[in-house]
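Contents: one structure, followed by commentary.
The values are calculated or read from the model by the stated rules, or taken from the named source; none is laboratory data. All values derive from a computational prediction rather than experimental measurement. Here the Cβ is made from the backbone with ideal geometry for all residues, glycine too, and neighbour counts use every protein chain on show.
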């Protein structure tokens, strides 16, 4: 099986972006899912910490609601940032058998993993945050009536960076399903889902692979207006030279590079954030713990 690669994931462009991350001392989320080793560590972490016990409930409820209102016997479920694809497949199972499954991810190993679940699936690999012509790309390779799933992605990007890209893909006749990790009891209550050894091992792969020496991944809580986030930084404990795109980048003991952020929303802050970008929540399905929400959305 081969994936179809968008130019946003061309080798030259990826290497330029990688160097920019080291120059700006802030690693783009895509670089934590690149290699088979990173994909393996992330899948292991996700299985152990990410889903609360009742996490599957809102996905099944959303799938049933969508199936009752989806009028097409054929069409495509386009899984944006599919990861392993488990949640997207829950939705697919409720749809007509003629619905095609199109797993997409910035990580080719993850897109290929998800595609293995459904015979005949052709994965697409692109950088949703960076690609300029994705509507045309998807029309060329998918076309037709589309359901977009956007599961587990919105926490990892500043809203102003990712939501305009998402909005540009959606046509009025399409359906959009978004999931978000929520913090109904405050962000401190869910900090252990991130502040743990598997998360540090996963996030450490990027600095180690690019030449970092001794250092520590520290995970903290930050606030950004009404939205709180969990942040992970690599703190260098010895001088080193990291390399990307044949460029050296020097770091000293005490320097810090941002590895990861996860924004945590409330129902109110998520609705307001989406609406500011022309996306309206039409229906919401929550886990019993209210830490996981899935939302049927349309255009404003």
**OP:** Output the residue which, of all residues in region 230-252 that are touching a strand residue (DSSP E or B) at 6+ places or on another chain (Cβ under 6 Å) and in contact (Cβ under 8 Å) with a residue 40 or more places away in the chain, is nearest to residue 184 (Cα to Cα).
**Re:** 230
Subject >> Test result for residue 154, touching a residue at least 60 places away in the same chain (Cβ under 8 Å), in contact with a strand residue (DSSP E or B) (Cβ under 8 Å, 6 or more places away or on another chain) and under 14 Å from residue 292 (Cβ atoms) >> reply: yes
Original post:
What number of residues within region 53-63 are part of a helix (DSSP H, G or I) and either modelled with pLDDT under 90 or closer than 23 Å to residue 139 by Cβ (or both)?
Top reply: 2
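Residue by residue, here is whether (1) assigned to a strand (DSSP E or B); (2) modelled with pLDDT of 90 or more; (3) crowded, with 20+ Cβ neighbours inside 10 Å; (4) in contact with a helix residue (DSSP H, G or I) (Cβ under 7 Å, 6 or more places away or on another chain) holds:
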site: 37; (1), (2), (3), (4): no, yes, no, yes
site: 43; (1), (2), (3), (4): no, no, no, no
site: 51; (1), (2), (3), (4): no, no, no, no
site: 65; (1), (2), (3), (4): no, yes, no, no
site: 77; (1), (2), (3), (4): yes, yes, yes, yes
Original post:
Among the numbered criteria (1) surrounded by fewer than 16 Cβ atoms within 10 Å (Cβ to Cβ); (2) assigned to a loop (DSSP other than H, G, I, E, B), which single criterion is violated by residue 290?
Top reply: (1)
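Residue-by-condition table, conditions (1) within 26 Å of the chain's Cα centre (by Cα); (2) within 27 Å of residue 273 (Cβ to Cβ); (3) at pLDDT 95 or above; (4) loosely packed, with under 14 Cβ neighbours inside 10 Å:
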position: 212; (1), (2), (3), (4): yes, no, yes, no
position: 216; (1), (2), (3), (4): yes, no, yes, yes
position: 223; (1), (2), (3), (4): yes, yes, no, yes
position: 226; (1), (2), (3), (4): yes, yes, no, yes
position: 229; (1), (2), (3), (4): yes, yes, no, no
position: 232; (1), (2), (3), (4): yes, yes, yes, no
position: 238; (1), (2), (3), (4): no, no, yes, yes
position: 252; (1), (2), (3), (4): no, no, yes, yes
position: 258; (1), (2), (3), (4): yes, yes, yes, no
Original post:
Does region 187-196 contain at least one residue that is under 22 Å from residue 295 (Cβ atoms), touching a strand residue (DSSP E or B) at 6+ places or on another chain (Cβ under 9 Å), modelled with pLDDT of 90 or more and surrounded by fewer than 21 Cβ atoms within 10 Å (Cβ to Cβ)?
Top reply: no
Original post:
Somewhere in region 143-150, is a residue surrounded by 21 or more Cβ atoms within 10 Å (Cβ to Cβ), assigned to a helix (DSSP H, G or I) and either modelled with pLDDT of 95 or more or more than 17 Å from the chain's Cα centre (by Cα) (or both)?
Top reply: no
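If you go through region 21-29 one residue at a time, do you hit one that is on the phi > 0 side of the Ramachandran plot and in contact with a strand residue (DSSP E or B) (Cβ under 6 Å, 6 or more places away or on another chain)?
Among the residues of region 21-29, at least one is on the phi > 0 side of the Ramachandran plot and in contact with a strand residue (DSSP E or B) (Cβ under 6 Å, 6 or more places away or on another chain), which makes the answer yes.
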**OP:** Name the single residue, out of those in region 1-20 being closer than 22 Å to residue 158 by Cα and in contact with a strand residue (DSSP E or B) (Cβ under 8 Å, 6 or more places away or on another chain), that is modelled with the lowest pLDDT.
**Re:** 9
Subject >> Number of positions in region 107-124 that are touching a residue at least 60 places away in the same chain (Cβ under 8 Å), out of contact with any strand residue (DSSP E or B) (no Cβ under 8 Å at 6 or more places or on another chain) and assigned to a loop (DSSP other than H, G, I, E, B) >> reply: 1
Original post:
When residue 178 is evaluated against the numbered criteria (1) modelled with pLDDT under 95; (2) within 20 Å of the chain's Cα centre (by Cα); (3) part of a strand (DSSP E or B), which criterion, by number, is the only one it fails?
Top reply: (1)
Original post:
For residue 269, which of the numbered conditions (1) in contact with a helix residue (DSSP H, G or I) (Cβ under 9 Å, 6 or more places away or on another chain); (2) modelled with pLDDT under 95; (3) surrounded by 18 or more Cβ atoms within 10 Å (Cβ to Cβ); (4) over 27 Å from residue 39 (Cα atoms) fails to hold?
Top reply: (1)
**OP:** Please work out which one of (1) at pLDDT 95 or above; (2) within 30 Å of residue 20 (Cα to Cα); (3) out of contact with any strand residue (DSSP E or B) (no Cβ under 7 Å at 6 or more places or on another chain) is the condition residue 131 fails and give its number.
**Re:** (1)
Original post:
If we keep just the residues of region 85-106 that are under 23 Å from residue 6 (Cβ atoms) and part of a strand (DSSP E or B), which is farthest from the chain's Cα centre (by Cα)?
Top reply: 99
